[in-house]
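Trainee: Starting off with a structure, shown below.
The values are calculated or read from the model by the stated rules, or taken from the named source; none is laboratory data. Given the structure is predicted, the values throughout are model-derived calculations rather than measurements. Because the Cβ atoms are built from the backbone with ideal geometry, glycine has one as well, and the counts that use them run over all protein chains shown. Note: accessible area is taken over every heavy atom of the protein model, side chains too, but ligands, DNA and RNA are not part of it. Shrake-Rupley method; radii C 1.70, N 1.55, O 1.52, S 1.80 Å.
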Amino acid sequence: MKIAVIGTGYVGLVTGTCLAETGNEVVCVDIDASKIERMKNGEVPIYEPHLDVLFDRNIKAGRLSFTTSLDEGLAHGEIIFLALPTPEDEDGSADLQYVLGVADEIGKKITSYKVIVDKSTVPVGTSDKVKATIAKHAKSEFDVVSNPEFLREGFAVDDFMKPERIVVGSSSDRATALMKRLYGPFVRSGNPIIIMDERSAELTKYAANSFLATKITFMNEIANYCELVGADVDKVRIGMGTDSRIGKRFLFPGIGYGGSCFPKDVKALHKSGKDENHEFKILSAVIDINKNQKTVLIPKIESYFNNQLTGKKIALWGLSFKPETDDIREAPALDIIDALLKKGASVIAFDPEAMTNVERKLGNQIEYAASMYKAVENADALVICTEWSIFRTPDFEKIKEHLTNKVIFDGRNLYEVNEMKEMGFNYFSIGR
C-alpha cells in the first residue's frame, strides 16, 4: 500500500518506518529541510532502540523516503497519516494549529480519494474539525479516521510491530476496510483491531494515559505515606501487584512521571472536561501531586547538608524522563537541577543519551561528565533521577572513593536499603 506520513517526530518516524517494514511504500513529509536531508543520508534524528536497523533497511530497499513537499506526499499516499505536534497551550489544552493547518492544505491539494488518519494525540471532536477543514476546499472524496498511538518511548518499535491492540475510530466502511488491510500484518497473532466511532477512539488515548499517570501518582502518595509510618513501599507494591485486578505494572514509586505524553495528555483531558463543565477531580490531584513529587528529594538533600547547599557539588545520574530515550520533556531531573541551582549548589550530570538535549536547553548552567564515574569525582553527593540499566549495578567501591560524602539520593529505588547500609552509604530513597 502507498502511505504518506506528515510529521517525523517520535510517532511519525516510527510509524513510517514500521509500516515500510511490512512492505508498504512510505513517504515521510516534514517542513524541516535540514532534518529531511539528514534522514535522506541515513541519519536517524532521534534515539529509539532498534529503529536504526529498520530505518536503514527500508531506505536501502526503496520503501522509505523523505521529502519537504506536501504535494509529493499527498500524490503518493492513499492513506495519509497526520503525526503532527499538539503542544500544550497556556491553558493546558492541546494546540491544534499544526493539525488543522495541514488539514486545510490537504483540502486544497487532494485530487483523489484519501483516508486521512489522525495519529496525533488529539482532543475529542478533532476528527470532526479536521473533516470540516478539509471539506471547505476538497473536490474529491475523503474520510477521516482516528487511530491513536500507544507507543512507549524506548520500546516504540516493538510496540508498533507487536501491538497489544490497534484502535481505529471510523464511521466509513471504505476507510475501515483499508485500515484493517494495512494493519493486518501486525495482528496475525490474534491481538485485536478495535473499531469504534472517532470520538471514542480519541478519548481512549487520553483515558489510557491519564489512568496510568493516576496509577503512578497513587503509588507515589503511598510511598510518601510509607516514610511517615515506617512501612516499605516495595513490599506494599508487591502485595498489591499480585492482585490480578491491579496488576504489577506502573506501581513503582519515584520522583514523578514526565515525557511528551503523560503530562500533556492529563492536562489536556482535564481542560477538555472544564470546557464541558465537568471537573476531573482525580486529574486535578494527579497534576498537583506529580508537580510536587518531582522535587521530593530536595528536602532530604537539604536536611542532610543542614540546609547549606551553597557551594556543594552534586553529581546527578540520569537526565531523560525515562531510560532508553533521549527525550527530556518534563523530565524530573530538570526540576531537581533547577531547585539545586537556586539553592546555590553546582551540578555535574551524566546520561547515556540525553546530555546533548539538556545542553541545548541549559547550556553551561551545569557540567556534563564523560562517564557516570567522572560525574561523582569530588562530588558531595549523588542523586539518581533515571533508572538506566547501567546505573543498576555500579562499582560501589569506586563511587565511595570518588564521593566526598558517602551519600546517595535515589529517586528510582535502584538499590536495596540494607545492602547500601552495609556498604557504608547514607542512602535515601522513596518510600522505604
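Trainee: I'd like the Karplus ³J(HN,Hα) series for the range 107-115: coefficients 6.51, -1.76, 1.60, θ = phi - 60°, whole numbers in Hz, and an x wherever there's a Gly or Pro.
Mentor: Per-residue couplings from phi come out as x, 6, 10, 6, 10, 8, 4, 9, 9 Hz.
Trainee: Using the Cβ atoms and a cut-off under 13 Å, what net charge is assigned to the surroundings of residue 288, where Lys and Arg are +1 and Asp and Glu are -1? The partial results should precede the final answer.
Mentor: Values: positive: 267, 281, 291, 294; negative: 221.
Overall, the nearby charge balance is +3.
Trainee: Per DSSP H run of at least 4 residues, take -39500 (n - 2.57); add these up for the chain, divide by its residues and hand me the 222 nm value, nearest 500 deg cm²/dmol.
Mentor: One gets -13000 deg cm²/dmol as the mean residue ellipticity at 222 nm.
Trainee: Please grab the % of Cα pairs in the range 83-141 that end up more than 20 Å from each other.
Mentor: Details: 407 of 1711 pairs.
Counting every Cα pair in the range 83-141, those more than 20 Å apart make up 24 percent.
Trainee: Continuing with the same structure: Between the range 408-431 and the range 56-92, how far is it from one alpha carbon centroid to the other, in angstrom?
Mentor: If we compute the Cα centre of each part, the gap is 46 Å.
Trainee: Please find the FRET efficiency linking residue 246 to residue 396, where r is the Cβ-Cβ separation and R0 is fixed at 35 Å, and quote it to the nearest 0.05.
Mentor: 0.55
Trainee: Follow-up. Taking a 1.4 Å probe, which of 423, 219 shows the most accessible area, and what order do the others take after it?
Mentor: From most exposed to least exposed: 423, 219.
Trainee: What span do the alpha-carbon atoms of the range 1-157 cover on each of the three principal axes, reported in whole Å from largest to smallest?
Mentor: Reported extents, whole Å, longest axis first: 40, 37, 27.
Trainee: Once Rh for the range 204-357 is found with the Kirkwood sum over Cα pairs, what is the Stokes-Einstein diffusion coefficient at 10 °C and 1.306 mPa s, in µm²/s?
Mentor: 93 µm²/s
Trainee: Another question about this same structure. Write out the trypsin sites (Lys or Arg not before Pro) in the range 121-208 meeting two conditions: DSSP loop, and at most 16 other Cβ atoms within 10 Å of their Cβ.
Mentor: Answer in residue order: 136, 139, 152, 165, 188.
Trainee: Work out the P(r) tail for the range 342-432: percent of alpha carbon pairs separated by more than 24 Å, whole number.
Mentor: 19 percent
Trainee: Putting +1 on Lys and Arg Cβ atoms and -1 on Asp and Glu Cβ atoms, find which of 346, 53, 168 reaches farthest to the positive end of the dipole of the chain.
Mentor: Value: 168.
Trainee: Find how much the distance from residue 211 to residue 342 grows on full extension, using 0.36 nm per residue of separation minus their present alpha carbon separation; answer in nm with one decimal.
Mentor: On the way: separation 131, 0.36 × 131 = 47.16 nm, distance 3.35 nm.
Gain on stretching residue 211 to residue 342: 43.8 nm.
Trainee: In addition: So what is the diffusion coefficient of the range 9-62 in µm² per second by Stokes-Einstein at 10 °C and 1.306 mPa s, using a Kirkwood Rh over Cα pairs?
Mentor: Translational D for this selection: 142 µm²/s.
Trainee: Let me ask something else. If you wrap a convex hull around the Cα atoms of the chain, how much volume per residue is inside, in Å³?
Mentor: Details: hull volume 66.9 nm³, N = 432.
Here the figure is 155 Å³ per residue.
Trainee: Also, I was wondering about something else. DSSP beta bridges in the range 1-126, what fraction antiparallel, as a percent rounded to 5?
Mentor: Given both bridge residues lie in the range 1-126, the antiparallel proportion sits at roughly 5 percent.
Trainee: Which FRET efficiency, nearest 0.05, do residue 53 and residue 282 yield, Cβ-Cβ r, R0 56 Å?
Mentor: Working from the Cβ atoms, E equals 0.85.
Trainee: Under a point-charge model restricted to the Cβ atoms of Lys and Arg (+1) and Asp and Glu (-1), what is the dipole moment magnitude of the range 171-269 relative to its Cα centre, in debye to the nearest 20?
Mentor: 420 debye
Trainee: Compute the Cα gyration tensor for the range 288-409, then decide on rounded, prolate or oblate, letting a ≥ b ≥ c be the square roots of its eigenvalues: rounded whenever a/c is under 1.5, prolate when a/b is larger than b/c in the other cases, and oblate in all that remain.
Mentor: Rounded.
Trainee: Then there's this: For residue 166, which sequence-distant residues (separation of 5 or more, or a different chain) have an amide H within less than 5 Å of its own amide H, given hydrogens modelled in the peptide plane?
Mentor: HN-HN under 5 Å from residue 166: 193, 194.
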